[in-house]
Amino acid sequence: MENFVPVFESKVKKLYDKVVKELSIPKKERNKKRLKKMLREIKNMKKTIRSAKKVKACPHCGQPLWDEGDLAYMDADSETS
């Protein structure tokens, strides 16, 4: 699972950008069902990323699996939680 963390992070970033774009639309014209679905998906993906990042190094060679603090929006979310 930890091998897919960069893929999950890129998907979260894309969804985050789509949510921001959807929120720029006037309130009456927003697709509320789509917005809620995207927010739920972002929340679930972040939860998956956090659980996968508990493993920091490869169990075989000991090399780090990813850079610490890659994405700013992940840090901002953890501060508010």
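Read the figures in this text as sums done on the coordinates, not as results from a lab. No experiment lies behind these values; they were computed from the predicted model shown. When we count neighbours, we look across all protein chains shown, and the Cβ atoms used for this are built from the backbone with ideal geometry, even at glycine.
Which distance in nm do the two modelled labels at Arg34 and Ala57 give, with both placed 7 Å along the Cα-to-Cβ direction?
Those two pseudo-labels are separated by 4.6 nm.
Could you give the length gained by full extension between Lys13 and Asn44, i.e. 0.36 nm per residue of separation minus their alpha carbon distance, to one decimal place?
Taking Lys13 through Asn44 to full extension adds about 9.8 nm, to one decimal.
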